[in-house]
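Before any comments, here is the structure.
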Amino acid sequence: MSELSVNHLLGIKYLNKKDIQLIFETADHFKEVINRPIKKVPSLRDITIANLFFENSTRTKLSFELAEKRLSADVINFSASQSSVKKGETLIDTVNNILSMKVDMVVMRHPNPGAGVFLSQHVDASIINAGDGAHEHPTQALLDSYSIRERLGDVKGKNVVIVGDILHSRVALSNIYALQLQGANVMVCGPKTLLPKYIKDLGVKVETNLRKALNWCDVANMLRVQNERMDISYFPSTREYTQQYGVNKALLNSLDKDITIMHPGPINRGVEITSDVADSDQAIILDQVQNGVAIRMAVIYLLASKIKH
């Protein structure tokens with residue numbers, strides 16, 4: 001039995017290529033389980049997992065919860081409204097409370113970059129980062145790559161463009177790391193104001209013209225504009241953003257080839273993509289959702305197998 005090189009999933013940047021391969025192979029197995037009439041396996045009957053969400057999340061939280069229940073783990077949910085969470089101190093308090101409940105694994109989303117790393121240094125439990133600020137969101141990047149592998153056979157050598165609000169996106173950073181680790185070519189595309197200054201240092205191509213980017217790519221991952229993270233206006237209006245960076249069916253049909261459209265959700269329909277694109281055969285958005293459960297089952301299962309009881 002091969003195992004992960006890490007005891008926590010804090011970010012893609014801590015994984016190696018073999019880890020990703022192992023997670024995908026394990027997810028293949030769980031995907032078959034999810035499609036059975038009886039969807040549960042008793043693998044983690046003696047494991048207790050706490051879901052700590054210091055930031056609102058519907059889809060990621062549901063996906064993790066479903067994954068945990070499919071594996072028969074005991075689940076504790078803790079959601080802290082942001083107002084009540086004072087940074088730093090309360091995190092340690094919360095953690096100490098959870099440790100006293102003898103929890104084996106913590107899935108955490110937190111507005112502060114590095115919160116998961118901080119937690120892993122103070123807690124004797126396995127930590128899964130479910131998003132830390134605008135830093136990383138490793139399970140999203142894994143399910144995105146897994147969905148590309150499922151649709152196109154392999155990630156290696158594929159041209160993937162990430163379009164939109166790269167600056168505020170944890171999905172973008174994790175995806176760049178994951179795609180490059182697997183040998184894909186990565187481009188980012190968006191308004192200059194939404195591209196971080198350091199982006200070129202990551203070895204990605206940069207394009208501000210959407211049509212050029214779409215003509216280059218095999219896969220376009222459309223990010224939503226993260227209005228909730230913006231304290232200033234990064235572009236004149238939503239309408240103008242859509243005109244320059246929104247994908248509609250007419251634009252897709254005018255390209256020389258069929259490309260695959262992805263979206264981490266939630267979709268702002270009519271902003272980054274129109275409904276006729278989101279609901280088309282070229283989009284694999286619902287596959288991503290289904291694959292998210294299998295990937296999260298795989299990650300939880302593989303990390304749990306390293307916990308010594």
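The values are calculated or read from the model by the stated rules, or taken from the named source; none is laboratory data. Remember, it's a predicted structure, so these values are computed and weren't measured experimentally. So basically every Cβ, Gly included, is an ideal-geometry build from the backbone, and we count neighbours across all protein chains shown.
Rundown of residues vs (1) assigned to a loop (DSSP other than H, G, I, E, B); (2) among the hydrophobic types (A, V, I, L, M, F, W, C); (3) at pLDDT 90 or above, yes/no style:
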{"position": "THR60", "(1), (2), (3)": "no, no, yes"}
{"position": "LEU66", "(1), (2), (3)": "no, yes, yes"}
{"position": "ASP93", "(1), (2), (3)": "no, no, no"}
{"position": "ASN96", "(1), (2), (3)": "no, no, no"}
{"position": "MET108", "(1), (2), (3)": "no, yes, yes"}
{"position": "VAL117", "(1), (2), (3)": "no, yes, yes"}
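Criterion applied to LEU99, LEU9, LEU52 was being among the aliphatic types (A, V, I, L, M) and touching a Pro at 6+ places or on another chain (Cβ under 6 Å), and the one residue passing it is LEU9.
Return the total of residues in the range 37-63 being of a type in the set (Asp, Glu) and within 19 Å of the chain's Cα centre (by Cα).
Let us first name the residues in the range 37-63 that are of a type in the set (Asp, Glu), namely 46, 55.
From what is left, the residues that are within 19 Å of the chain's Cα centre (by Cα) are 55.
So the count comes out to 1.
Which one of GLN140, GLN121 is of a type outside the set (Val, Ile, Thr) and in contact with a Pro (Cβ under 8 Å, 6 or more places away or on another chain)? None of the others qualify; the one that does is GLN140. For GLY116, the conditions (1) more than 28 Å from TYR241 (Cβ to Cβ); (2) surrounded by fewer than 21 Cβ atoms within 10 Å (Cβ to Cβ) are fulfilled apart from (2). Beta carbons closer than 7 Å, at least 6 apart along the sequence or on distinct chains, pair a first residue in the range 169-183 that is within 15 Å of ASP19 (Cα to Cα) with a second that is surrounded by fewer than 24 Cβ atoms within 10 Å (Cβ to Cβ) and among the charged types (D, E, K, R) for TYR177/LYS13; LEU181/LYS17; GLN182/LYS17; GLN182/LYS156; GLY183/LYS156. Take HIS135 and tell me if it is farther than 25 Å from ASP28 by Cβ and surrounded by fewer than 24 Cβ atoms within 10 Å (Cβ to Cβ). Considered against the rule, which asks whether it is farther than 25 Å from ASP28 by Cβ and surrounded by fewer than 24 Cβ atoms within 10 Å (Cβ to Cβ), HIS135 comes out as yes.
Of all residues in the range 243-264, which are crowded, with 18+ Cβ neighbours inside 10 Å and either closer than 19 Å to ALA172 by Cβ or touching a Gly at 6+ places or on another chain (Cβ under 6 Å) (or both)? Within the range 243-264, TYR245, GLY246, VAL247, ILE259, THR260, ILE261, MET262, HIS263, PRO264 meet the criteria.
When ILE273 is tested against (1) closer than 25 Å to LEU66 by Cβ; (2) hydrophobic (A, V, I, L, M, F, W, C); (3) modelled with pLDDT of 95 or more, only condition (1) is not met. Restricting attention to the range 42-58, the residues that are in contact with a helix residue (DSSP H, G or I) (Cβ under 7 Å, 6 or more places away or on another chain) and farther than 19 Å from SER126 by Cβ total 1.
Do you know which of the residues in the range 146-165 that are assigned to a loop (DSSP other than H, G, I, E, B) and buried (at least 20 other Cβ atoms within 10 Å of the Cβ) is modelled with the lowest pLDDT?
To start, the set of residues in the range 146-165 that are assigned to a loop (DSSP other than H, G, I, E, B) comprises 153-158, 164-165.
Then keep just the ones that are buried (at least 20 other Cβ atoms within 10 Å of the Cβ); that gives 155, 158, 164-165.
Working: VAL155: 98, LYS158: 98, GLY164: 95, ASP165: 92.
Filtering the range 146-165 for residues that are assigned to a loop (DSSP other than H, G, I, E, B) and buried (at least 20 other Cβ atoms within 10 Å of the Cβ), the one modelled with the lowest pLDDT comes out as ASP165.
How about the range 8-52: which of its residues are outside any helix (DSSP H, G or I) and either loosely packed, with under 14 Cβ neighbours inside 10 Å or of a type in the set (Ser, Thr, Tyr) (or both)?
Here is the first cut: in the range 8-52, the ones outside any helix (DSSP H, G or I) are 8-11, 15-16, 35-52.
Across the range 8-52, the qualifying residues are ASN16, ASN35, ARG36, PRO37, ILE38, LYS39, LYS40, PRO42, SER43, ARG45, ASP46, THR48.
Among (1) at pLDDT 85 or above; (2) outside any helix (DSSP H, G or I), there is one condition LYS86 misses while meeting the rest; what is its number? So LYS86 meets the others, but not (1). In the set VAL160, VAL171, VAL155, only one residue is farther than 22 Å from VAL271 by Cα and not charged (D, E, K, R); that residue is VAL155. Looking at LEU143, is it under 28 Å from SER120 (Cβ atoms), among the aliphatic types (A, V, I, L, M), in contact (Cβ under 8 Å) with a residue 24 or more places away in the chain and assigned to a loop (DSSP other than H, G, I, E, B)? Judged against the criteria, LEU143 is not a match.
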